[in-house]
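Before any comments, here is the structure.
The values are calculated or read from the model by the stated rules, or taken from the named source; none is laboratory data. Fair warning: this is a prediction, and the values are worked out from it, not measured in the lab. Cβ: placed from backbone, ideal geometry, glycine included. Neighbour counts: every protein chain shown.
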């Protein structure tokens, strides 16, 4: 693979230009960054880039997971196409296993519960943060955890 020397300013201008026409450029940059982080982690795990032949290769890629992973962030709900190795598993380092929401979002839900906001109204609060849907049952589960911690 050829290496190209590009100054930081040139790289920044190219990146910024590619996101200018988007409806939400910050969110688009965040989505791009998460995709690049996953590709970098897969490169490290497998030992070679896509379609690259290398004696250091430890495995093969098998495309992406069939179902996109929903990730609720402060920038809204992001749909992640997580790469899949042929052997073994892979979970991006920025995701916690089995958890969709950021700790910050969970803490907002718990604080609102402590302040007396009903579980039904919490769905509207979550939508204000850009989360597509949060059921009253999910809010109740978070609130039970909060009550256990405070006892």
Of the residues that make up segment 37-47, is at least one surrounded by 14 or more Cβ atoms within 10 Å (Cβ to Cβ), out of contact with any strand residue (DSSP E or B) (no Cβ under 9 Å at 6 or more places or on another chain), at pLDDT 80 or above and part of a helix (DSSP H, G or I)?
yes
For residues in segment 53-71 being touching a residue at least 24 places away in the same chain (Cβ under 8 Å) and in contact with a helix residue (DSSP H, G or I) (Cβ under 9 Å, 6 or more places away or on another chain), which is surrounded by the most Cβ atoms within 10 Å (Cβ to Cβ)?
71
Quick one: residue 74 ticks every box in (1) in contact (Cβ under 8 Å) with a residue 40 or more places away in the chain; (2) farther than 27 Å from residue 124 by Cα except a single one, so which number is it?
(2)
Tell me the residue from 98, 21, 59 that is outside the structural domain of residue 141 (by TED's automatic domain parsing) and at pLDDT below 80, please.
98
